[in-house]
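In what follows, a structure is listed as C-alpha cells, so that the remarks can point back to it.
The values are calculated or read from the model by the stated rules, or taken from the named source; none is laboratory data. Being a predicted model, the structure only gives us computed values, none of them experimental. Don't worry about glycine lacking a Cβ; one is built from the backbone with ideal geometry, like all the others, and counts go over all protein chains shown. Areas reflect the complete protein model, heavy atoms only, side chains present, ligands, DNA and RNA absent. Shrake-Rupley method; radii C 1.70, N 1.55, O 1.52, S 1.80 Å.
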Amino acid sequence: MNNTTSEIIDQRYEPRVVEAYWQKEWENLGLYKTRTDVNKDNTFYALSMFPYPSGSLHMGHVRNYVITDVLARYKRMQGYNVLHPMGWDAFGLPAENAAIERETSPSNWTDKNISQMKDQLDRLGLSIDWSKEVTTCKEDYYKWTQYIFNQLHKNNLAYQKKATVNWDPIDQTVLANEQVDADGKSWRSGAKVEKKELNQWFLRITSFAEDLNKDLIKLKDWPERVKVMQENWIGKSIGAEITFDIKNNPQKVVAFTTRIDTVYGVSYLVLASNHPLIDKLISTKDIDQLKEFRKTQEKLSDLERNSDSRKKLGMYLGVNAVNPANNKEIPIWIGDYVIMEYGTGAVMGVPAHDSRDYQFAKSYNLPINYVIKPNNNEDDSYLNAEYVHKGIMINSDRFNGIESDFAKTQILEFGSNANWAKPKVTYKLRDWLISRQRYWGCPIPIINCKKCGQVRVPDKDLPVTLPIDIKLTGKGKSPLTTKLEWINTCCPKCGNAAKRETDTMDTFMCSSWYFLRYINPSNDEIPFLKSEIDKWLPVKQYVGGIEHAILHLLYSRFLTKALKSCGLINIDEPFKKLLTQGMVQATTFKNPNTNKYFSKEQIKDINDPRDPVTGENIEIIYEKMSKSKYNGVDPSVVIDKYGADTARMFILFKAPPEKDLEWDDSDVEGQYRFIQRLWKFVINTLDLTKSNSRLKIETEKAKDEEALRLINIAIKEITDDLDNLQFNTAISELMKAVNGLNSIVNYCSNETLNEVISILVKITSPFSPHIAEELWKTIGNTQSIHLQMWPNFDPGAIEEDTFKLMIQINGKVRGSIDASKNLSKEKLEAIAIKSDAALKWMNGQEPKRIIVVPNKLVNIVI
Ligand code: ANZ
Ligand code: ZN
C-alpha cells in the first residue's frame with residue numbers, strides 16, 4: 001500500500017465506489033451490532049422517530065437520521081454501548097388508499113415500500129443495527145400492541161363509551177382531539193371535521209393529566225416550545241366548583257369557575273346545549289324552541305364556540321337559580337359558548353368581568369354587576385366594558401375592599417364552610433379516542449358477548465390477526481364488518497357465539513411504545529423485559545419533527561406512565577433529551593395571484609421569473625420541500641452525484657439542527673469540494689512523510705507546535721459542539737483545521753504529521769464515515785475507524801501564544817502590548833484603545849477610524 005499514495009494523489013476521491021464498498025464491508029463485519037453486556041451507565045440510546053413507509057425517503061428523513069447517526073458514531077467512539085435502531089410505523093390509511101387505487105393489498109404495498117426505503121437508507125451510510133428492526137404491522141409486533149391494550153383494559157385504562165366525536169368525512173373515520181388542528185381540520189386529510197355521536201374506545205390519558213403536566217419540569221433537555229405546547233394542551237386550571245340551588249326544583253347546577261372572586265357578580269347561569277339537566281328543567285311549551293336551538297349547535301366546532309368574536313346565541317330556560325353568596329335570584333340560560341365536555345358543562349355568568357359573558361349579557365339584556373374595580377382608579381371608565389383584571393373587591397358584602405386575588409382564597413373558604421363551594425382542578429385534556437373504522441390497523445382484541453359483555457381476547461390467544469384477503473372499498477364502516485367468518489367467534493368466557501370488535505386502533509397507539517420494543521424485538525414471550533428497559537431507557541437522545549410536539553410525544557409519555565402504573569416498567573418518562581429538527585426547505589416558484597406552483601424547469605428566466613401561461617410575475621420563496629410544490633430534491637439523486645458523505649455534511653453544515661434548512665445546490669457543491677480537499681490534504685501529507693526529498697528540508701519546532709495546536713483546538717471545539725448538538729459549527733471547525741494545517745505541513749516533522757492526520761480522520765468520521773474509513777485504511781490501519789476511540793485534546797498544546805501587538809496612532813508606532821494570538825478584530829480593537837500608549841497619544845480625542853491587522857497591529861486614526 002505504501003507506494004500507492006503518490007498515484008492516488010492525482011486522482012479524485014470517488015465516493016460512488018468507496019461508499020458502496022465500505023457499506024458492504026461494515027455490514028459483513030457486523031460493526032453496528034448492539035452489545036448485550038451492558039449496564040445502565042454505559043448505554044447510549046440514539047433514536048430517530050421511525051418513518052411511515054411511504055415508499056421514498058425525503059430530505060426531512062435524511063436530516064433526521066443523519067443527526068442521530070452522527071451522535072451514535074460519536075458516542076460509540078467515546079466508549080458507550082450504543083443502540084441505534086430503525087423501524088417502520090407501518091399501519092395507517094395511505095396503505096389502504098394506495099391498495100384501493102392500485103388493486104394490491106395494503107400489506108404488499110407496505111412491504112414493497114419498506115424494502116425500497118431500506119435500500120435508500122443503506123446508501124446514507126447509517127450505523128443502524130438492523131437486527132433491531134420493528135414493523136408495527138407485523139404480527140410479531142402488533143401482538144404486543146394488543147397485549148398492551150389488554151393490560152390497559154384490565155387496569156381500567158381502556159374503555160368504550162358513546163361520545164360526540166370528530167368525524168373526518170374524507171377519510172371516513174373518527175379522529176382524536178389532538179388530530180384536529182386549530183382550524184377544525186383533520187391533521188391528515190385536511191377535511192373540515194364534523195361532529196358525530198358514536199360508540200368509541202378511549203384510553204384514560206386524563207388519569208395521568210396531573211403527572212403529564214407536573215413532570216414536564218423533569219424534562220430539562222426538551223425544547224421549551226414543545227413543553228409549552230404540551231402544557232397548554234393539558235390545560236390545567238385551578239379553580240372551584242360552585243353549587244347553585246334551583247327555585248322550586250330539587251335539582252342543582254354545579255359550575256366550574258377560575259374566578260370565585262367574582263361570585264357576587266353572577267347575573268345568570270348558562271348551560272351547554274346538551275347538558276343533561278336541560279331535559280329535567282325545560283317546560284313542554286319550550287321544547288320545540290329547544291330542538292331548533294340544538295340544531296344550530298351541532299355545526300359548531302369547539303373552537304368556534306370558544307371564540308371571542310362570534311356572536312353568542314342563547315335561550316332562557318324559564319327557570320331561576322339562587323346565587324348562594326348573596327341569595328339573589330338569577331335566570332338559567334342555555335348558551336352556545338359553553339362546552340359540555342369541559343368543567344361541569346355549566347358556567348356562572350359574570351358579564352362585568354368576562355368577555356364572553358359580557359357579549360352574551362349585552363345581546364340578551366342581562367344585568368352587568370361590577371364586583372371588582374381597578375386598584376388605583378379615580379374615574380369610572382372601567383364601567384364601560386368588561387373589566388377582566390384583578391383589583392379591589394366591591395359590591396361583595398364582607399369581602400369589600402380587599403385585593404381580588406386574596407379574596408379568591410377567602411371566598412373559597414367561606415363557600416366551603418357554607419357547603420356551596422369546593423376547590424377543583426380541571427384539565428382541558430380529554431381521554432384519547434383510539435378506535436378507527438378502518439382496516440389497516442391493529443385489531444382491538446375484544447369480543448362482544450351477549451351474555452358477558454366486552455371480553456378481552458386472552459393474552460395466550462394473541463394476536464388477533466388482521467384477515468389478509470379483504471375487500472377494500474374505502475367508504476363508511478371498517479371493511480372488517482364484511483368479514484363474517486372473522487367476526488363470528490366464541491366468547492372466551494362462556495363459550496357462546498360472540499362477535500369480534502371490528503374497529504382497529506389509532507396508529508399512534510402502535511408508535512407510542514415502539515422505543516420499548518427495540519431493546520429486544522424478537523422476544524416472543526413478553527413485549528419487553530423490565531430489567532433491560534432499565535439499562536437503556538429513558539432514550540438518551542430522541543430526534544424528530546416538531547409536528548409531533550403534542551401527538552406522538554404526549555401519547556408516548558402517557559403510555560410510559562400507564563405501563564408503569566400497570567407494573568410493566570419502572571421508568572416514568574420515555575425520552576431524556578429531545579431535539580426537534582427544523583424543516584428542509586427549497587426554492588419555490590409561486591404565482592402569488594393564483595397560488596399555483598411551478599418547477600424550476602418551467603421558469604425561463606430565473607432573473608425575471610414569470611408564469612409560463614399568464615406571464616404574470618412569480619415569487620421566489622423558500623418553502624418546505626414537497627411534491628405538490630415541485631421543489632423536492634430526491635436524496636438518491638444527490639447521493640448519486642456527490643455521494644452520501646457530501647449529502648450528510650451539507651445537511652449538517654447548512655443550518656443548526658433545530659432551524660429550518662434551505663437547500664442550495666451550490667452549497668452542496670461547496671461541501672463536495674471540501675470532501676475532495678480533505679482527501680487531497682490527507683493523501684498529500686501522507687505522501688510527504690514518505691518522500692525522501694523531504695529529508696533536506698528543515699522542519700521547524702514552531703510549526704510542529706502550531707500543527708498540534710490546530711488539531712487539538714479542533715478536537716476540543718468539535719467535542720464541545722457535538723455535546724451541544726452544534727453540528728454546523730463542528731464542521732466549520734473541521735474546515736478551519738484543514739485550512740490551517742494545509743499551509744504548514746511542509747515544515748512539520750513526520751511524527752507530528754502522522755499524529756495530526758490520524759486525529760483529523762478520527763474526528764471527521766462521525767460526519768463523513770466513508771471517506772474517513774477509506775483514509776484510515778490508506779494511512780495504514782487495518783481495524784475500522786469506527787472502532788477507534790474518540791481523541792482527547794491536550795490542554796498543553798492549545799495554550800495560546802502571545803505576541804507583541806503594535807499600537808499605532810495615525811500610522812506611527814507609539815507603543816506595544818502583549819496580546820493572545822488569534823483574537824478577533826473586535827477584541828484587538830478594544831484592547832488597543834485602552835492601552836497606555838493609545839490613551840496618552842489620543843489625548844481624549846475620538847478615533848475617526850481603527851485599522852486592525854490581526855496578530856500584528858492596531859492603527860488608530862484620529
Ligand atoms: C366565572 C368567571 C368570571 C369566569 C370571570 C371567568 C372570568 P379556563 O381558565 O380556560 O379553565 N368555563 C367553565 N366551564 C366552561 C365550559 N364548559 N365552557 C365554556 N366556558 C367554561 O377557564 C375557566 C373559565 O371558563 C371559568 O371561569 C368559566 O367562566 C368558563 F370574570 O367562571 B369563569
Ligand atoms: Zn360470554
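Restricting attention to the alpha-carbon atoms of the range 436-521, what are Rg (one decimal) and Dmax (integer), both in Å?
14.1, 41
Just by accessible area at a 1.4 angstrom probe, what is the order of 258, 802, 284 from largest to smallest?
If we order 258, 802, 284 from most to least accessible, we get 284, 802, 258.
What do you get for the angle between helix 665-690 and the principal long axis of the chain? Use alpha-carbon atoms, 0 to 90 degrees, nearest ten.
40 degrees
Roughly how many Å is it from the Cα centre of the range 537-590 to that of the range 732-755, as a whole number?
The distance from the Cα centre of the range 537-590 to that of the range 732-755 comes to 42 Å.
Applying 1/(1 + (r/R0)^6) with R0 = 45 Å to the Cβ-Cβ distance of residue 249 and residue 191, what FRET efficiency is obtained, to the nearest 0.05? If you can, show how the numbers build up before the last one.
Details: r = 43 Å, r/R0 = 0.96.
FRET efficiency, residue 249 to residue 191: 0.55.
Given R₀ = 56 Å, FRET efficiency for residue 327-residue 608 by Cβ-Cβ distance, to 0.05?
The value I calculate is 0.10.
Check cross-link reach from residue 604 to the lysines: straight Cα distance under 25 Å, and skip same-chain residues fewer than eight apart.
List returned: 590, 596, 624, 627, 629, 641.
Solvent-accessible area of residue 597, probe 1.4 Å, all protein chains present, reported in Å² to the nearest ten, please.
50 Å²
Give the percent of DSSP beta bridges with both residues in the range 775-862 that are antiparallel, rounded to the nearest 5.
75 percent
Compute the helix-to-body angle for 750-764: its Cα long axis versus the longest principal axis of the chain, expressed 0 to 90° and rounded to tens.
20 degrees
Quick one: how many Å² of residue 56 are accessible to a 1.4 Å probe, rounded to 10?
It works out to around 50 Å².
Tell me, what HN-Hα J-couplings in whole Hz come from the Karplus equation 6.51 cos²θ - 1.76 cosθ + 1.60 at θ = phi - 60° for each residue of the range 37-54, using x for Gly and Pro?
Each residue's phi maps through the Karplus curve to give 7, 10, 10, 3, 7, 10, 9, 9, 9, 9, 10, 9, 4, 6, x, 7, x, 6 Hz.
What accessible area per residue, rounded to a whole number of Å², is obtained for the chain using a probe radius of 1.4 Å? Don't jump to the answer; show the numbers that get you there.
Details: 39490 Å² over 862 residues.
Value returned for the chain: 46 Å² of accessible area per residue.
To the nearest 0.05, what FRET efficiency results for residue 285 and residue 39 with a Förster distance of 56 Å applied to their C-beta separation?
After rounding to 0.05, the efficiency reads 0.15.
Could you state how much accessible area residue 787 has, in square angstrom rounded to the nearest 10, with a 1.4 Å probe and all protein chains kept in place?
Its accessible surface works out to 90 Å², give or take rounding.
In nanometres, what is the gap between the two model label sites at residue 705 and residue 468, each 7 Å from Cα along Cα-to-Cβ?
7.4 nm
Which order do 283, 131, 273 take by accessible area at a 1.4 Å probe, largest first? Could the numbers behind the result be given before it?
Values: 283 45, 131 70, 273 10 Å².
Sorted descending by solvent-accessible area, the residues read 131, 283, 273.
For a quick check of your reading of the filter: which trypsin sites (Lys or Arg not before Pro) in the range 227-301 sit in a DSSP loop and have no more than 10 other Cβ atoms within 10 Å? Before the final figure, lay out the partial values.
On the way: sites: 227, 236, 247, 252, 259, 280, 285, 291, 294, 295, 299; in loops: 247, 259, 299.
Those satisfying the criteria are 299.
Less than 13 Å Cβ to Cβ from residue 393, Lys/Arg counted +1 and Asp/Glu -1: what total charge do the surrounding residues give?
Residues close to residue 393 contribute a combined charge of +1.
If I compute solvent accessible area with a 1.4 Å probe over the protein chains, what percent of it on the chain is carbon and sulfur?
Its accessible area is 49 percent carbon and sulfur atoms.
Of 195/220; 236/311; 499/530, which sit over 30 Å apart, Cα to Cα? If you can, show how the numbers build up before the last one.
Values: 195/220 38 Å; 236/311 27 Å; 499/530 35 Å.
The answer is 195/220; 499/530.
To the nearest 10 degrees, how steep is helix 59-77 against the longest Cα principal axis of the chain, on a 0 to 90 scale?
Its long axis makes an angle of about 60 degrees.
Give the distance, in whole Å, between the Cα centre of the range 432-505 and the Cα centre of the range 215-278.
The two parts, judged by their Cα centres, are 38 Å apart.
Using alpha-carbon positions, what is the distance between the centroids of the range 778-822 and the range 630-658, in Å?
Here the two parts' Cα centres lie 32 Å apart.
Quick check: net charge around residue 108, other residues with Cβ under 15 Å of its Cβ, Lys/Arg +1 and Asp/Glu -1? Mind showing how you got there, number by number?
Values: positive: 102, 112, 138; negative: 96, 101, 103, 111, 469.
Net charge around residue 108: -2.
Work from the charge dipole of the chain (Cβ charges, +1 for Lys and Arg, -1 for Asp and Glu, about the Cα centre) and give the residue of 714, 409, 26 farthest towards its positive end.
Looking along the dipole axis, the top candidate is 409.
Could you please put 594, 482, 504 in sequence from largest to smallest accessible area, using a 1.4 Å probe?
Ranking 594, 482, 504 by accessible area, largest first, yields 482, 594, 504.
Whole number please: convex hull volume per residue, Cα atoms of the range 142-210, in Å³.
Here the figure is 114 Å³ per residue.
Using a cut-off of 15 Å between beta-carbons, work out the net charge of the residues near residue 136 (Lys and Arg +1, Asp and Glu -1, residue 136 not included).
That sum, taken over residues with Cβ under 15 Å, equals -1.
Return, ordered by residue number, the residues of the range 249-276 whose backbone nitrogen is under 18 Å from a label point located 7 Å along Cα→Cβ of residue 398.
260-265
Just for the range 715-862, what percent of DSSP beta bridges are antiparallel, to the closest 5?
75 percent
On a full-extension model of 0.36 nm per residue, what is the gain between residue 846 and residue 634, subtracting their alpha-carbon distance, rounded to one decimal in nm? Before the final figure, lay out each step's value.
Values: separation 212, 0.36 × 212 = 76.32 nm, distance 5.68 nm.
Length gained between residue 846 and residue 634: 70.6 nm.
State the dimensionless ratio Rg/Rh of the range 371-442 (Rg: radius of gyration of Cα atoms; Rh: Kirkwood radius).
Here Rg/Rh amounts to 1.33.
Over every pair of different alpha-carbon atoms in the chain, take the mean of 1/r and invert it; report that Kirkwood radius in Å.
On the way: mean 1/r = 0.0308 Å⁻¹.
Value: 32.5 Å, from the Cα pair sum.
Would you please report the Å³ per residue occupied by the convex hull of the alpha carbon atoms in the range 484-531?
With only Cα atoms used, the range 484-531 gives 134 Å³ per residue.
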